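Down below is the structure, laid out as structure tokens.
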Amino acid sequence: MAKTSVLLLLLLWGSASVFAGEAGESPELPDTVSIRQLLQIVHDQSPRHALIRSQIDVAQADVVTADVLPNPRLSYGRFDQAGGRWNTQFDGPSQQNVTVEVPLLLAGQRGARKEAAECRVGVAEADAGSQYHQLIRDTWRLFVQLLAEQQRVAVLEEAGRELERLRAIIAGKESAGTASRYDVLRITQESHNLKARLEGVKSGTASTAGELGVLLGFPNWRPQANGVLAPIGIVADTGTLWAQAELHNQALESARRETIAADSGLERARRERWPVPSLLLGTAFTDRPYGNTTFVGISVDLPIFDRGQGGMAKASAEKQAALLKRELALAATRRELGRAAEVLAGRRATLAEFERDVLEPLPGLRQMAEDAYRLGKTGLLELLDSSRSRTEIKLGHFDLLVAEIESELDTLRASGQLTVAFEKMK
């Protein structure tokens, strides 16, 4: 009974430890985040980033494997007299053999293997950096979309309040006999239509927040974005951006390191062509009567058929593929950078023109439309059209802002400056 009680206590204690560990694995995440806080969460707490980093650990494990010496081999055998005349093979009824075989890496295979594995670690680090840049870009893009959708909700709510105010004006005119029942029904219909649209935008906001949480590995997190929807303000000069890309673009760095790794793989293949000799040390002893002999020898493969042709051919092909990949990466990055800078310049000019010619006169147009309706110079349809147009202009402004920011993110990613932009926020 006492043993059973102790066992139950141990099981309960272990279960509590497990549950406590699981609870500790769920980080405390804020309900509202700025872009700086969000990117810090990506770096420090995101399971997605941890998964990206894990491939470096896998590559480092290969270094450990490459640095390990091959195991010696121990063999044992026994001969027993089964028939025939005695002393035809040995003196005594049985003989036992013990042999130790020690492989000798005399051609530098161990060093070549370790160097090749270390180069692959460099490739894994560059690949992880490239994936991390993509994760930052996707996270930033969703944050911008979430912030824009929240501001769309605010604009539609403001438009709803404006319609309610206009509805009160029309109701007053109806009481005074200067507005018809149709006007009241028409603005009521417009108000209900706006509410339905508002609910759709709110659903989209919740969906974007959920998508952001899933992207980072927190499926139950629904953050709210905090900040101002404004362009990042990067310089869209192709020459400057390309100079930065040559230094910081992770895809280019990965292609460069793969070329180095391919050279190391070729050197490893050259070393592996040499056969590995083994030193043999052994003893043989008999009983009744007792006798003991020692044995020293060496064994080595004869490279008659397999002279490492396959390994050399594969390593040479991998080197050519790495060189071709690097050339293609250079061309693709330059083309992507030029395209992103061109699109950014066009969207930036469109946004500036829109803000100057369309957005700035908006407050004056609102007052003019209401004054004209009060004075009877325009009808209800013109007033509603004016209100609807102002709302659409504000929503269109958000679309242009999001488009420019996404172009800036594409440009930053192509130039390898996403992490630099993140560091500047700190």
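Extending 7 Å from the Cα toward the beta-carbon at both Glu360 and Ala61 defines two label points whose distance is 6.2 nm.
Averaging 1/r over every pair of different alpha carbons in segment 244-376 and inverting the result gives a Kirkwood radius of 22.9 Å.
Straight-line cross-link partners of Lys325 among the aspartates and glutamates, defined as a Cα under 17 Å from its Cα and at least 8 positions apart when in the same chain: Asp127, Glu246, Glu253, Glu258, Asp263, Glu336.
Annotation: amide H of Ser34 within the under-5 Å range of Asn226, sequence separation 5 or more or interchain, hydrogens built in the peptide plane. Can you compute the FRET efficiency between Asn71 and Ala230 using 1/(1 + (r/R0)^6), with r the Cβ-Cβ distance and R0 = 60 Å? Round to the nearest 0.05. Between Asn71 and Ala230 the formula returns 0.40. Which pairs break 26 Å Cα to Cα here: Lys114/Lys319; Lys202/Lys424; Lys394/Lys424; Lys114/Lys314? Distance filter (> 26 Å) returns Lys202/Lys424; Lys394/Lys424. One Cα centroid belongs to segment 313-359, the other to segment 202-281; the line between them spans 16 Å.
Each listed q (0.22 Å⁻¹) maps to a log10 I(q)/I(0) for segment 151-290 from the Debye sum over equal C-alpha point scatterers, namely -1.24. Along segment 343-354 the Karplus relation, 6.51 cos²θ - 1.76 cosθ + 1.60 evaluated at θ = phi - 60°, assigns HN-Hα couplings of 5, 4, 4, x, 5, 5, 5, 4, 5, 4, 5, 4 Hz to successive residues, with x for each Gly and Pro.
Just so you know, all these numbers are worked out from the coordinates, no wet-lab data involved. The model shown is predicted, which means the values in this text are computed figures rather than measured ones. With ideal geometry, Cβ positions are generated from the backbone for all residues, glycine too; neighbour counts draw on all protein chains shown.
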